[in-house]
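Report on the following structure.
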Ligand code: AGP
């Protein structure tokens with residue numbers, strides 16, 4: 001939910017800190033700050049409410065030089081988005097400063113104890129409590145030995161403080177009297193360490209490290225990294241010093257530029273032919289009329305024994321899971337349960353032993369999805385991640401999985417990750433189907449359809465001009481309905497979510513038939529209904545629902561895959577997409593749904609890449 005950066009080395013820290021915060025801003029952007037340390041001058045902090053660009057302007061007015069520093073861009077959890085609540089926060093009497101990502105659940109009791117010791121708080125945040133707690137541990141630790149603190153005392157103070165925390169944290173800590181020391185600690189919120197030449201980096205994910213280093217270490221939970229300009233030590237809470245697993249920064253993290261597009265969201269919508277091509281690459285096995293994956297980490301015999309599948313995720317990834325249910329149950333005839341991860345982690349459902357669990361996630365850091373997979377793993381189930389970020393927490397902790405290879409998705413509203421998730425789920429359904437009853441010919445037909453997807457998506461992008469015109473007619477609406485059946489019921493939910501999260505218009509997705517059971521009361525001349533109504537097994541039924549809405553004076557926007565005079569007569573606006581088999585319709589229909597939300601949000605003056613109140617990766621409960 002927040003972005004953290006840190007630098008220690010031979011250069012000024014400020015340039016990396018600001019560049020890194022700009023690249024992390026999609027994770028949270030209601031306030032930002034940096035701190036640097038100059039020898040004999042102590043810690044200097046500049047922070048602002050608002051975006052990183054405002055912070056950069058403020059930094060220009062100050063002399064934020066120094067070879068070590070930290071930075072933070074915030075998504076508020078405790079306390080409003082104000083300058084006082086922005087990070088970094090000071091601990092003790094400016095003894096140290098820190099940036100924090102996560103939620104400390106027992107911060108109130110800790111704060112109460114610190115207040116009784118005379119610590120003064122400037123903010124409403126849980127993070128400032130951690131800063132004072134580390135300072136208090138440092139003071140206690142050195143008073144005990146009646147000497148000035150050294151580096152080991154700083155490490156011990158951090159370890160003693162985090163041992164008292166309950167909740168999640170990614171921390172980077174800078175000590176006033178140690179310009180050659182930076183400490184990072186992780187539990188539940190991601191941190192990546194970058195190894196440079198006489199310089200070290202730390203960040204919430206790998207994107208700030210691009211162009212600065214290629215050697216990285218993904219910290220694991222309960223690990224603490226001690227960064228010096230020329231060395232890195234990794235300590236584990238229980239195991240002591242551990243050998244870090246140094247990895248190479250994946251090329252997937254490289255491209256974070258807009259490439260001439262007005263917004264990341266638009267770029268990522270238009271990237272979908274390529275991102276779906278990347279998802280399919282090397283995974284369609286014509287010789288055996290099936291799909292193949294390198295990372296399931298189960299044998300075909302073990303997978304053949306699977307009797308039930310749970311698909312879990314949040315938001316758009318949960319919508320992907322709903323499509324996955326239709327795909328796997330139709331193509332593989334395996335019962336599928338779809339679970340909100342935030343529910344699955346606590347509701348303790350009875351689960352048969354031959355059930356495997358897939359966590360679907362773009363970021364690989366969504367706290368609820370991570371927790372749900374941990375819970376299912378604890379119960380002994382094989383867990384898999386369908387994920388876009390290599391080396392992310394969920395990718396690392398799952399027993400196996402499938403990467404999307406969609407490249408960085410910067411826009412907060414998920415677009416290319418969604419269609420890549422659906423492409424992977426379609427291949428997974430093919431794979432499981434061919435383990436069971438699906439014939440060779442049927443498998444080949446599915447492969448033929450999947451191989452057409454990138455060109456079909458290219459063709460679908462041609463609807464943009466029509467969608468843009470339709471957006472001008474309905475951008476002032478205050479309510480929308482999205483309706484579809486079968487595979488396109490999840491599409492309706494996803495279309496509604498896209499509109500909600502970037503245009504702030506209230507929108508509801510429903511199975512089209514559900515309208516009769518109450519929601520049709522919402523229909524009036526000011527409430528457009530978007531019908532996803534390509535030809536297919538339930539086409540006539542959806543058409544009837546469309547007529548029911550029209551009969552009540554509701555404007556209708558129809559997404560169709562052929563010219564039907566009846567729809568042309570009934571609908572107020574028609575968007576035509578290419579015809580594909582039912583099971584691939586959600587992938588194609590996603591394009592007009594994404595573009596409609598994008599164009600309406602633009603007309604309403606919304607920030608489509610950084611919508612209010614949201615963050616790209618929800619790493620807190
Ligand atoms: C989608 O547009 C939203 N930004 C949000 O619902 C997102 O899908 C959800 O937070 C899950 O994120 P994940 O896929 O990274 O786990």
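Odds and ends about this structure:
- Cα centroid separation, the stretch 556-589 to the stretch 522-555: 12 Å.
- Given R0 = 41 Å, the distance between the Cβ atoms of residue 10 and residue 160 translates into a calculated FRET efficiency of 0.85.
- The stretch 171-229: proportion of alpha-carbon pairs further apart than 18 angstrom, %: 30
- Computed from Cα positions, the angle between helix 151-162 and the longest principal axis of the chain comes to roughly 50 degrees.
- Using a simple spin-label model with pseudo-atoms 7 Å out from Cα toward Cβ, residue 40 and residue 78 lie 3.8 nm apart.
- Highest average first, the peptides 258-266, 293-301 ordered by how many other beta carbon atoms sit within 10 Å of their residues are 258-266, 293-301.
- The long axis of helix 440-460 is offset from the longest Cα principal axis of the chain by roughly 70 degrees.
- Paramagnetic reach from residue 281 in the stretch 422-462 [backbone N under 17 Å; point 7 Å along Cα→Cβ]: 423-424, 451-455
- R0 of 56 Å, Cβ-Cβ distance residue 448-residue 215: FRET efficiency to nearest 0.05: 0.85
- Between residue 109 and residue 378, the modelled labels are 1.9 nm apart [label points 7 Å from Cα along Cα→Cβ].
- Nearest-ten-degree value, helix 107-116 long axis tilted from longest Cα axis of the chain: 20
- Surface/4 of the Cα convex hull for the chain, nm²: 28.5
- Percent of beta bridges antiparallel (DSSP, the chain, rounded to nearest 5): 65
- Chain lengthening between residue 579 and residue 521 when straightened (0.36 nm per residue, less Cα-Cα): 17.7 nm
We did not get these values from a lab; they are worked out from the coordinates using the rules stated. A quick note: this is a predicted structure, and the numbers were derived from the prediction, not measured. Every residue, glycine as well, gets a Cβ built from its backbone with ideal geometry; the counts of neighbours run over all protein chains shown.
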